[in-house]
1. Would you mind checking the pairs 137/182; 134/231; 75/289; 73/272 and listing those with alpha carbons more than 24 angstrom apart?
2. If a/c stays under 1.5 just call it rounded; otherwise compare a/b with b/c (prolate if a/b is bigger, oblate if not). Do that for the range 161-280, with a ≥ b ≥ c from the square roots of the Cα gyration tensor eigenvalues.
3. Hey, for a label at residue 124 modelled as a point 7 Å past Cα toward Cβ, could you say which residues of the range 91-110 have their backbone N under 11 Å away?
4. Hey, if you put +1 on the Cβ of every Lys and Arg and -1 on every Asp and Glu Cβ in the chain, which of 270, 90, 204 ends up farthest toward the positive end of that dipole?
5. Name the residue from 68, 286, 181 whose Cα lies farthest towards the positive end of the charge dipole of the chain, charges +1 on Cβ of Lys and Arg and -1 on Cβ of Asp and Glu.
6. Would you mind working out the magnitude of the charge dipole of the chain relative to its Cα centre, with +1 at each Lys and Arg C-beta and -1 at each Asp and Glu C-beta, to the nearest 20 Debye?
7. Which residues does the label zone of residue 304 cover in the range 261-296, counting backbone N under 17 Å from a point 7 Å along Cα→Cβ?
8. Could you point to the residue in 141, 151, 232 farthest towards the positive end of the chain's charge dipole, with +1 and -1 charges on the Cβ of Lys/Arg and Asp/Glu respectively?
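Only the coordinates and a few stated rules stand behind these numbers; no lab work does. On a predicted model such as this, the values are computed, not experimentally measured, just so you know. Neighbour counts run over all protein chains shown; Cβ positions are idealised from the backbone, glycine included.
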Amino acid sequence: VAGLLRREKPGIVHAHGWGQCSLYAVTGARLAGVPVVINGEHGAVFTRRRQIFLQKITALLSNTLLSVSESLKRKVAEELGIPARKIKVIHNGVDTGIFTGGYDVSGLKEELIKKFNFHIDTKSLVIGSVGSLKRQKNQIILLEALKALNIKNPDNNIKAIFAGDGPDKLMLEKYVTDNGMKGQAVFLGERNDIPRLLSLFDIFVSTSLSEGFSNVILEATSSAVPVIATKSVGTPELVYDGTNGFIVYPPVEAAGFAEKIKLLADDPRLLKELSANARRLTEENFSIKSMVSSYEKLYSDSLN
C-alpha cells in the first residue's frame, strides 16, 4: 500500500472500516507521507481487546475520523475511548432523482402474479422489507407481527414483500407456510429494481438489530414510503417518530410492530401525511448533493 501511494502521491487517503483493511490503508498512507489521512465508520464497532487496540492505532494515525451518524459517533467515542471532538459526522445521502416513489408498478404486479402467485389489489396495504435475510436483520419479527394482526383480524388485506436473500430464507419461508400466510408474504430474492419496488410499498419496515445509518431507509423515505423501524444506532436520526414513520423501542417485539402497522392501516390520512413528510424531509436533509458537498468541504478544509 505504501509503495502504491508513494508512486501516486495523493493529497488525501480516505479509508473505511475500523480495525479492518483501513488499518493497512492508514498505515500505508502515513509511511508514504500522505498529507491528509481520513478514516470513516459506517456501522460496526469491534470490542475485543485486540480489535480495540487496532482501532485506536488507526484513530491516532488519522487526521480526521468520520461517522455516518451522531449516535454512532457517541458509540465509537464511548466504546473505544476516542475523543468525540476528533470525530466528524457526515450523513449518508440518497439520489432523490432516482428514488422518487413514482414508478409504474403495473408490470411488477403482473410479475408477482405470474412468478409467485401473489396478488395485490387496490385495497391491499403493502409492507416492504429490503435487505439480507439473516439474524442481524431480524425479519422474523415482521412475520410474527403479521401473524398477530391476522389473529385479531383474519380478513385484513395486509401483504408483506421481502427483497433479498440469505441464510434465514428457508426458516422464514417455513414460518410463512406453517402459519398459513403463503398468499400474504412473498420472498423475491435479490432484486435490481429497488426504486421501482419501493414505489409499490405503502410502509417500509426495518427490523434490524443494528444499523449505523441505513441507506435503505433513506431510499424508502426518498420514495415517500413511511418507515417503521427498530431503535438501532442511527435510525432516530432518519425516522422522526410520528412524523415520517415510527420507532419501535426496546424490547424489540412483534407487538410493537403490529401496533404501528395497525395504526397506519386504520388511518389512511395519517399514512398519507407520513408519506409526504418522508419525501420532504429526505429532500431537505439527506440528498446526495448535500452529502457530496460535505465531503468536498472536508477535503478542501483538510488540505488547507
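1. Numbers: 137/182 21 Å; 134/231 18 Å; 75/289 27 Å; 73/272 33 Å.
In this structure, 75/289; 73/272 lie more than 24 Å apart at Cα.
2. rounded
3. 106, 108-110
4. Towards the positive end, the residue furthest out is 90.
5. 68
6. 1060 debye
7. Residues 293-296 fall inside that zone.
8. Among 141, 151, 232, the one farthest towards the positive end of the dipole of the chain is 232.
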